[in-house]
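Since every read-out is calculated from the coordinates, none of them should be taken as a lab result. On a predicted model such as this, the values are computed, not experimentally measured, just so you know. Ideal geometry is used to build each Cβ from the backbone, glycine not excepted, and the neighbour counts take in all protein chains shown.
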Amino acid sequence: MRDDVLKQEIEREDNPVISETEFLQALERAGVYLPIPTETSTVPPESHIVVYSDPRSGGADRFRLVQLRLKGLQASKNLKSLLITSPLPGEGKTTVALNLATALAEKGKRPVLLLEADVYRPTVVKRLGLTPWLGLTECFEGNRDPLLAIRRIDPLGFYLLPGGYPMEDGSSLLQSDFTSRLMKDLAATPFSWVLIDSPPATPIAEILALRAQSDATLLVSRARKTPREAIEETTRSLGRDHILGIILNDVEGLNRVYSQYYGYTNPEARVKPEKAEGMLGLGLKTHGE
């Protein structure tokens with residue numbers, strides 16, 4: 001991070017906390033590098049961020065394709081906040097969110113925020129190998145400003161507002177004025193994208209609350225696992241017009257094609273298939289095309 005970037009920490013005993021007004025004024029003066037502290041991730045293998053760790057894989061290429069499509073849609077549809085959810089748990093939505101945030105950030109060239117709104121099972125900080133700090137739930141319960149909990153994540157280049165510790169009653173947070181105010185504040189910041197890693201689409205009331213605060217939705221499903229009925233029900237609940245597309249996770253055989261394309265003959269150099277959480281195939285379509 002550049003020397004001229006403000007490096008204030010939130011809720012550290014040895015550091016003062018800047019006010020919300022000072023923070024927003026600094027954001028208005030910022031360029032690509034926002035006035036936000038930095039955390040460094042080791043990007044462990046269990047994070048499955050193939051865009052960073054395996055950029056020549058089939059999954060990474062598919063994320064770059066989604067990145068290009070979203071950039072085109074952003075210009076035509078005036079998009080900024082994107083809800084990422086799935087019909088059921090275990091579909092890989094957080095993996096999608098992490099990879100997409102990394103791809104859209106373009107190695108830190110564009111300010112992209114990942115908002116972890118899955119306060120029931122927040123996993124992003126652990127998956128990135130980071131030391132926890134105050135997140136969304138602590139700010140909500142302690143009446144703190146959540147903007148001051150945002151961190152820049154190096155070397156991935158995106159910004160993160162973590163979920164914090166797990167909540168049993170996430171509806172009290174996600175359907176609150178606190179979340180509504182947060183989304184309005186984020187809309188006024190220089191972030192080019194705000195990606196919302198939400199809970200699965202059940203219970204539906206919480207997703208509808210987040211949907212009301214976002215510009216569009218990406219729906220994540222897993223090949224050979226997600227029932228068609230679950231996808232159709234979620235599509236009806238969220239509204240077809242709000243869903244930009246469906247990302248199909250865990251498609252077999254894609255990396256074999258890419259390993260042949262790049263001409264690998266050494267088995268140790270061959271692109272290996274990803275585990276279940278990896279992205280082996282993505283499909284993105286827009287309604288009306």
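Say we look at region 202-246 and pick out the residues that are in a loop (DSSP other than H, G, I, E, B) and touching a Pro at 6+ places or on another chain (Cβ under 9 Å); which of these is surrounded by the fewest Cβ atoms within 10 Å (Cβ to Cβ)?
Per the stated criteria, the residue is PRO227.
Can you tell me which residue among LEU174, LEU156, LEU83 is under 22 Å from ASP54 (Cα atoms), touching a Leu at 6+ places or on another chain (Cβ under 9 Å) and either of a type in the set (Gly, Ala, Ser) or touching a residue at least 40 places away in the same chain (Cβ under 8 Å) (or both)?
Step by step, each of LEU174, LEU156, LEU83 is checked, and only LEU156 is under 22 Å from ASP54 (Cα atoms), touching a Leu at 6+ places or on another chain (Cβ under 9 Å) and either of a type in the set (Gly, Ala, Ser) or touching a residue at least 40 places away in the same chain (Cβ under 8 Å) (or both).
So, GLY170, is that one buried (at least 18 other Cβ atoms within 10 Å of the Cβ) and over 17 Å from LEU100 (Cα atoms) or not?
yes
For residues that are of a type in the set (Ser, Thr, Tyr) and surrounded by fewer than 21 Cβ atoms within 10 Å (Cβ to Cβ), scanning just region 74-130, find the one that is nearest to PRO166 (Cα to Cα).
TYR120
Run down LEU79, LEU100, LEU88, LEU83 and say which single residue is of a type in the set (A, V, I, L, M), in a loop (DSSP other than H, G, I, E, B) and within 16 Å of VAL220 (Cα to Cα).
It is LEU88.
Scanning for something assigned to a helix (DSSP H, G or I), farther than 16 Å from GLU116 by Cα and not basic (Lys, Arg), does region 152-169 turn up at least one residue?
No, every residue in region 152-169 fails to be assigned to a helix (DSSP H, G or I), farther than 16 Å from GLU116 by Cα and not basic (Lys, Arg).
In the set ALA216, ALA223, ALA209, ALA187, which member is aliphatic (A, V, I, L, M), without any contact (Cβ under 8 Å) to a residue 40 or more places away in the chain and at negative phi?
ALA209
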